[in-house]
Amino acid sequence: MLTLILRRTAFSLFSLLVVSLVLFMLTRSIPDSPARIVLGDQATEQQIAEFDHDHGLDRPIVVQYGSWLRRLVFGGDLGRSFTSGLDMNKQIAETLPVTMEIVVVAFAAATLVSLMLGTLSALYRDGPIDYLARSLAVLGVSVPGFWLALVLILFFAVDRDWFPPGGITPFRQDPLGHLLSIALPCFCLGCFYLAVLTRMTRSSLLEVLGLDYMRTARAAGLHPARVLLYALRNAMVPVVTIAGVSFGHMFGWALIIEQIFNIDGMSRALLTAIQQRDYSMVQAVVMMFTVVFVGANLVADLANGWLNPRLAAAS
């Protein structure tokens, strides 16, 4: 298990290094300078050159990347915005918790419901529960999240005023209002992944329940609950893998959901940075998404090593 942890951690760090290098190169490949946003279209070439020199943008890309990476690794410093001069660490600290809360709540709800539905669907195959779970799974993967968000806003926020149409109420100000304000975004964000995890849980559990050692355990008179527990542990390996990938992908969908519900999270910061050619903010937001994605996959790999010790031994 220790070997698995070391190998997966090293691979994750290498992935972050590669992504940071590619991201840095892509942001610097934009031909225009952020000085055009700060100084205006009437700025002279000399003024733009002075701006680039003051912010180190005239140095070779390799030197800029080395300086940025050194500050990030040893000081945790994401830098400052070229256009607004704001500290990126402060900006991320203000916007990341908003997006993280929506993603975590949606992921937790989708995972719990999908595990229950998938398990019941496999245990009562071809029964009413199975047909219901499969129908919900088909709907979940078929209905676009942004369209579902607009429909829910129309029916439950505009017509009936049960939920706020957008924004997030601070928890300290109104706990109930806060829960109502994140209910629709979390529901829209979690529907697709609930469907995917439900189908994966069902198919994986059916496959395990049909294996010889499961039939032998039932024939030997082992308690059905213990048989199910053993089956779930073996069936969870592909489910955990998909769950780890889904958690990272949720941050991408959260950008769209936040725009529809007018939530001041990472999406607004990223889109504003792109429009203003703010290299620092784009790098900070994308790197945070990458860290979360890689971290989720690392946790999934380690969880699979615990569920199936043969995977750890093979590493």
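Values quoted throughout were computed directly from the atomic coordinates according to the rules given, and no laboratory measurement underlies them. Worth saying up front: this structure is predicted, and the values here are computed from it rather than measured. Here the Cβ is made from the backbone with ideal geometry for all residues, glycine too, and neighbour counts use every protein chain on show.
The long axis of helix 88-123 is offset from the longest Cα principal axis of the chain by roughly 20 degrees. So what does the Cα-only Debye profile of the range 171-277 read at q = 0.12, 0.15, 0.19, 0.21 Å⁻¹, as log10 I(q)/I(0), no solvent term? Scattering profile of the range 171-277, log10 relative to I(0): -0.63, -0.78, -0.97, -1.06. So if I take the centroid of the Cα atoms in the range 69-95 and the same for the range 207-248, what is the distance between those two points in Å? If we compute the Cα centre of each part, the gap is 45 Å. Extension gain for residue 11 to residue 100 (0.36 nm times residue separation, less C-alpha to C-alpha distance): 29.6 nm. A simple spin-label model places the labels of residue 86 and residue 18 3.3 nm from each other, with each point 7 Å out along Cα-to-Cβ.
Per residue of the chain, the DSSP helices (runs of n ≥ 4 H) give a summed -39500 (n - 2.57) that works out to -26000 deg cm²/dmol at 222 nm. Evaluated with a Cβ-only charge set (Lys, Arg +1; Asp, Glu -1), the range 136-262 carries a dipole of roughly 560 debye about its Cα centre, given to the nearest 20. A simple spin-label model places the labels of residue 69 and residue 171 3.7 nm from each other, with each point 7 Å out along Cα-to-Cβ. Listed from fewest to most Cβ neighbours within 10 Å, the set 99, 201, 241 follows the order 241, 99, 201.
By the equivalent-ellipsoid construction on the alpha carbon gyration tensor, the chain comes out with semi-axes of 44, 27, 14 Å, ordered largest to smallest. The alpha carbons of the range 1-152 stretch over 75, 48, 26 Å along the principal axes, in descending order. With both labels modelled 7 Å from their Cα along Cα-to-Cβ, the residue 249 to residue 53 distance reads 5.0 nm.
Under the shape rule built on the C-alpha gyration tensor, where the axes satisfy a ≥ b ≥ c, the range 254-303 is oblate, since a/c reaches at least 1.5 while a/b does not exceed b/c. The GNM of the chain, with springs linking C-alpha atoms under 10 angstrom apart, assigns the highest mean-square fluctuation among 87, 54, 77 to 54. Over the range 221-314, the fraction of Cα-Cα pairs per 5 Å bin, rounded to whole percents and listed from the shortest bin up, is 3, 12, 16, 15, 13, 11, 9, 8, 7, 4, 2, 1, 0, 0. Largest first, the three principal axis extents of the alpha carbons in the range 90-278 are 65, 38, 32 Å in whole numbers. A Förster radius of 45 Å, combined with the Cβ-Cβ distance separating residue 62 from residue 159, puts the computed FRET efficiency at roughly 0.20.
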